[in-house]
1. Test residue A:374 against the criterion of being more than 14 Å from chain B (Cβ to nearest Cβ), within 25 Å of residue A:266 (Cα to Cα) and in a strand (DSSP E or B), and give yes or no.
2. So is residue A:180 outside the structural domain of residue A:278 (by TED's automatic domain parsing) and either over 30 Å from residue A:289 (Cβ atoms) or crowded, with 24+ Cβ neighbours inside 10 Å (or both) or not?
3. Of everything in the stretch B:142-154, what is surrounded by fewer than 23 Cβ atoms within 10 Å (Cβ to Cβ) and either under 20 Å from residue B:114 (Cβ atoms) or at pLDDT below 95 (or both)? Give them in sequence order.
4. Report whether or not residue A:318 is under 30 Å from residue B:291 (Cβ atoms), in the same structural domain as residue A:386 (by TED's automatic domain parsing) and in contact with a helix residue (DSSP H, G or I) (Cβ under 6 Å, 6 or more places away or on another chain).
5. Looking only at the stretch B:454-464, which residues are buried (at least 22 other Cβ atoms within 10 Å of the Cβ) and more than 9 Å from chain A (Cβ to nearest Cβ)?
6. Based on what the data block shows, is residue B:142 more than 10 Å from chain A (Cβ to nearest Cβ) and under 27 Å from residue B:244 (Cα atoms)?
7. So, of the residues in the stretch B:45-87 that are closer than 15 Å to residue B:32 by Cα, touching a helix residue (DSSP H, G or I) at 6+ places or on another chain (Cβ under 7 Å) and in a loop (DSSP other than H, G, I, E, B), which turns out to be modelled with the lowest pLDDT?
C-alpha cells in the first residue's frame, strides 16, 4: 500500500457507511465540493478527492483517521485552500478532511502571551479577537490562511524578519496521528528540553504525518508605536543592499518588503495608488515611540546612501493598511495584468549577502526568456518570490517558467540557500528537495514518514515519493 | 538488541582491532580516560564506557559509527562533559565518542550573520573569535559547553528571553547517522519550508539519533550599547512579578535573572561581592544607547512599584563581567557552602503567570523538608532551577530531594509547563517525560528512534527506555 499506483476515487463501501453513520451531512460526495477541495492556489489542474469531510472536532478527525487507516485510504487535511504548491490536490484520491469549521479560540492567556486555537481559526479571526486584549499574532503569509495550514506549511511572510516564522511561534500542538490517536506536543512553556521536538516535526510536515487539530501559539503585545515607510530606489540592487545593511546593523525592523517595478505597476492599476514605478522597499517599525523614531532615522540615512527617493511615512493605521493591502494584493493584481494567465511562483531564500546576486541573475534570465514576471520579496530574510505570468494554453511558456525556476533554485542552492523559504515542497519541488537536502537526508525523512504512517494515508504523494 | 540487558564493558575483539587500526592513539582503553568519560556534572555515579575515541574529523565519527552499528555496540557522543542529567554515562557500556578535538571554526559569514563550526567548538572559543568581527553568539548555559553538546541538549540560559534557545539559533547541522552516513540538514538561509525539520529533530535529541559533527548558527551584531543592572526585592514574589510585567510590556530585555538570598549568600562568599542578601534581579539591556536607556528607565519604574531597592548599574564591560561571573558561579559557590555535598538540580519552566506560584510553593516545601537549597532562574522565560544541596552519604536526603523535585514537576505540569526548560531528560527525568508528554507522544518518540537507530546504539538508555 506504500506505493499506491491508482488513486482511490471511490471509497470502499464499508468505509463510506461507517463515515456516513457517524458524520451524517458532514460527509459529502457532491462533485462541487470535491472539485473545490481538489485544488488550491497553485497552477496545477484539479485532482478531486473521493469525498469531503467537514470535521467539527478532534474526535471527528480521530474517527476519520482510524477508519481511513484501517482501509488504507488517503486523507488530505484542508484548511483555507491557500497553498501555492499543490498540497491540497488529492493525487491519490481518498478523503479531503476540511477543518475550516473548527474555528474556536480556546484560550487567550494574555499574561503569558499565549493562545490556544482550533486548527481552522484563520489569522485574521485570531487578530480580530486579540486586538481587544492588546495583543497580536505576527505571522502574515498574505492570504487569510488557517493557523493549522500555516503550521503545516511552516509559513512566514512579512513579519518574520522580526518575529520569526511558524517554526518559532508554535509552542505546542494537538495532533491526531495516522492511526487516529490524539497526542499533545509541547506545552505553554516558552521553552523546553523534554524529549524530541515533535512540535517542530509536525510544523512543516505538510499534512503527511498526521492532522493538526489545535495549536498553542506565542502572541505579542501590540507595539506602543508603529510606523511604516516606503521609498524608491534606482535599482533592485540598491534596495537589496539597503535591506542587507539594515539587518547587519541589527536594526529591529518588523517588516522589510521589496516590490519591483512590475509589481508596483500591477498594484497601482489594482489599488489606484500612484506609486513611483521603481524598486520599492516597504518597511515597518515597531516599538516605543522613541525607538521607532530612531529606527526610522537610521534606515532613512542608510537608504539615502543607496539613492532612495520619495520617502513617504504612514503613521496612521489607515495609511498603513492601504500600503499593506497593496502589498498583499500584488499577486492578484499581477494576475490581472494578463487576463487568463496563471502564475508560477518561486520561493527561494538565500543568505542575505547573496540576495542581490540571486535577484539580479534571475531578472536577467527571465528578461532574456521574454516571460512576463513580477517580484515581491521578504528581503530582510533573504526570501523573494518571482511570479511568472504564463498562458496556460501555451505549454512552451510553462516549460520556460519551469526551466527558469530550476535555474533559480540551482543558483540558490549553490549560494547556501533553500528552494522554498515558506511555501513548502508540495507536489512541485520534490526534485528540488533532493537537490537541496541530498538523498541521505530525504531517505531519513522517508524513514520518519514510514515510522509514523506505515500505510501512507496522510497526504500521500507530497514532499517526496515513497 | 533493542533491549540490551547487559552493559558492553569490553569491545568485541574484531571491533577493537578495526578501531585501533584506523584510529591508533585516538582510541584509548585507559581507566582514567574511561572514568572521566563515564560521568558529567550530574550527581550520578560514574558509568565508564569500554573505550574512549577522540575523534578529529567527521570521517573518524562516520567510521566509528559504521563499525559500532555493525557490532551493535553503543556510542555516547561526548563534548565538554557539562551535562547535568547523566547524558554522558555509559549505562549500557560501549564507546564514548569525544568530539572536543574538533575545534575548527569553519566559516564566519559576517554579512549573513551566520557561522559554521565543528561540534567541539565551545561557546567561549566562538565568542572570542567573533568579537573581532563585531558579532556574538548569545546562547549562554553558564558552562563553557561545546556547541554540539548545547544543540544536543537544546540548551539556552541567560540570553534566551531575547535571542531564543539553541532551537531558534541552529540553522543547519552536519550529522553522522547511526549507520555511519553523513547528512546535512538545513542551510544558511534564515528560514526554509523544505521538508521535515531534521535540524530541530536533532536539536534536543541528546545524542540518541546520531552525532552532530558541524553546526551552522545564527550570530548577532554586538549591540551598540549594553547595560546591566541589579536590584533587590522584599520577596521572591515581588521580583517575579516585576519580571512578568517586563515581558508583558514587550520590553526587549536581553537577560532577566533571579537569584534568591541563598544563592547570593553563596556568591558573596565565593566572589566577595557584598551584595544585599535578598531576592535579586540581574538584568541586561542591549540596543542603541537611547533604546537601552529607555528600557532601563521603564524597568526601573516597574521594579520600584514592587519595592525594589539598591539599583546598581554596570555599564563598563568589567563591571558587567563581575556580575555575570557571580551569576555563573552560583552553582559552584553553592556547592562550597556545604563541603562534600552534591547538588540535585531541578529545571522546570512554566507560563510566566504561574512562575511566582511555582517558586513560592517549591520554597515552602523545601523549607518544610529542611533541606539546604538555593534558587537561580531565567525568570523572563518562566524557567528556574532549585538546587538541593544533599549529603551523598545520607540516602534519606537524596530521597527527600527526589520527592520534592517530583512535587515541583507535577505542579509545573498542572500549570501548563515542562519538567525541563533546558537541561534535558537524560537518565533522571524519564518518568517525568511520560507524565508531561503522555504515553502516546513518547511512543511516537520511540518510533522515531527505532526508525533512525534500529540497533539502539546511539546513547541508549537516555530520554526513554525502548
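The values are calculated or read from the model by the stated rules, or taken from the named source; none is laboratory data. Everything quoted here is computed from the prediction, not taken from an experiment. Here the Cβ is made from the backbone with ideal geometry for all residues, glycine too, and neighbour counts use every protein chain on show.
1. Values: more than 14 Å from chain B (Cβ to nearest Cβ): yes; within 25 Å of residue A:266 (Cα to Cα): yes; in a strand (DSSP E or B): yes.
So residue A:374 fits the description; yes.
2. Numbers: outside the structural domain of residue A:278 (by TED's automatic domain parsing): yes; either over 30 Å from residue A:289 (Cβ atoms) or crowded, with 24+ Cβ neighbours inside 10 Å (or both): yes.
So residue A:180 passes the test.
3. B:142, B:143
4. Working: under 30 Å from residue B:291 (Cβ atoms): yes; in the same structural domain as residue A:386 (by TED's automatic domain parsing): yes; in contact with a helix residue (DSSP H, G or I) (Cβ under 6 Å, 6 or more places away or on another chain): no.
Judged against the criteria, residue A:318 is not a match.
5. The answer is B:457, B:458, B:459, B:460, B:461, B:462.
6. Working: more than 10 Å from chain A (Cβ to nearest Cβ): yes; under 27 Å from residue B:244 (Cα atoms): yes.
Against the criterion (more than 10 Å from chain A (Cβ to nearest Cβ) and under 27 Å from residue B:244 (Cα atoms)), residue B:142 qualifies.
7. B:46
Table: residues versus (1) on the phi > 0 side of the Ramachandran plot; (2) assigned by TED's automatic domain parsing to the domain that holds residue B:332; (3) at pLDDT below 95; (4) over 23 Å from the mean Cα position of the chain (by Cα).
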{"position": "B:351", "(1), (2), (3), (4)": "no, yes, no, no"}
{"position": "B:361", "(1), (2), (3), (4)": "no, yes, no, yes"}
{"position": "B:374", "(1), (2), (3), (4)": "no, yes, no, no"}
{"position": "B:377", "(1), (2), (3), (4)": "no, yes, no, no"}
{"position": "B:432", "(1), (2), (3), (4)": "no, no, no, no"}
{"position": "B:466", "(1), (2), (3), (4)": "no, no, yes, yes"}
